[in-house]
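Read the structure below first, then the notes.
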Amino acid sequence: MGKPRILICDDEEKVVELIRAYLHREGYETEAAYTGKQCLELFRKFQPSLLILDIMIPEGDGFFVCREIRKESNIPIIMLTARGEESDRVLGLEIGADDYVIKPFSPRELTARVKATLRRREWDASVNTERLIYADLMIDPAARRVFVAGKEIPLTPKEFDLLVLMAKSPSRVFNRDLLYEIVWGNEALGDVRTVDVHMTRLRSKIEARSKYRYLHTVWGIGYRFEEKPR
């Protein structure tokens, strides 16, 4: 079985070639796009396993591209941005990105995040196949699908991983550091506030269509999964 395919979208050719060089050393197959329009076209043709996406690109910025891809796919998306403002990072996560890297970045760190994300996906595909059912919530780990009251709810890879992890241990309190370490991987260095952003988005998707509350905040610590009627 060949290595996964990585699609890189950035309008700076030197940045693209640097990333490709590091990924090629790991044996990954890559393709490059330099505009939002080109990225969407290559996404459908190349069928990548993961997308590295810059925010500041012409013909549809990274936020637009991320939204469009999330309408049809849950592939992992790592966003690149020269913007350091927290609001931009949070927006990227809220619309479906799984992680972000701020420019200037270390190509080695980016490669490590790619490897950790794909390793997590492989692990999920080989274990945890038993369906989890709570009231009107059904989780199918093998198919990576979630249903609430019979309707499928599209989740990003990280949202799905968080939900499965917590649903397998109902009533257990998970602190933010542990959730980040397990779901993002030891090599994916970043801000544990990423967990809060993903949990907020996950809760809104699941509970907006349910008569139950499943994801509960444990103030000052983290989160707990527990089935409770509204």
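The table below lists the values:
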read-out: Among (1) under 21 Å from the mean Cα position of the chain (by Cα); (2) in a loop (DSSP other than H, G, I, E, B) - the single one Leu163 does not satisfy; value: (2)
read-out: Some residue of region 87-107 being in contact with a Phe, Trp or Tyr (Cβ under 8 Å, 6 or more places away or on another chain), assigned by TED's automatic domain parsing to the domain that holds Asp10 and at pLDDT 90 or above; value: yes
read-out: Exclusive hit being within 17 Å of Leu162 (Cβ to Cβ), aromatic (Phe, Trp, Tyr) and at pLDDT below 95, set Trp219, Trp184; value: Trp184
read-out: Count of region 29-47 residues which are crowded, with 21+ Cβ neighbours inside 10 Å and out of contact with any Asp or Glu (no Cβ under 6 Å at 6 or more places or on another chain); value: 3
read-out: Residues located in region 49-62, provided they are without any contact (Cβ under 8 Å) to a residue 40 or more places away in the chain and buried (at least 20 other Cβ atoms within 10 Å of the Cβ); value: Ile55
read-out: Residue, surrounded by the fewest Cβ atoms within 10 Å (Cβ to Cβ), within region 124-137, restricted to residues that are farther than 12 Å from Lys168 by Cα, at pLDDT 80 or above and of a type in the set (A, V, I, L, M); value: Ala135
read-out: Enumerated helices (runs of 4 or more DSSP H) restricted to region 1-110, each holding at least 2 residues that are over 25 Å from His198 (Cβ atoms) and out of contact with any strand residue (DSSP E or B) (no Cβ under 9 Å at 6 or more places or on another chain); value: 13-25, 36-46
read-out: Any pair with Cβ under 8 angstrom, 6 or more apart, that starts in region 83-97 at a residue that is on the phi > 0 side of the Ramachandran plot and ends at one that is at pLDDT 70 or above and hydrophobic (A, V, I, L, M, F, W, C); value: Gly96/Cys66; Gly96/Ile69; Gly96/Ile77
read-out: Failed condition for Gly62, given (1) over 27 Å from Ile153 (Cβ atoms); (2) in contact with a Cys (Cβ under 8 Å, 6 or more places away or on another chain); value: (1)
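The values are calculated or read from the model by the stated rules, or taken from the named source; none is laboratory data. No experiment lies behind these values; they were computed from the predicted model shown. Counting neighbours? That spans all protein chains shown, and the Cβs are built from the backbone with ideal geometry, glycine included.
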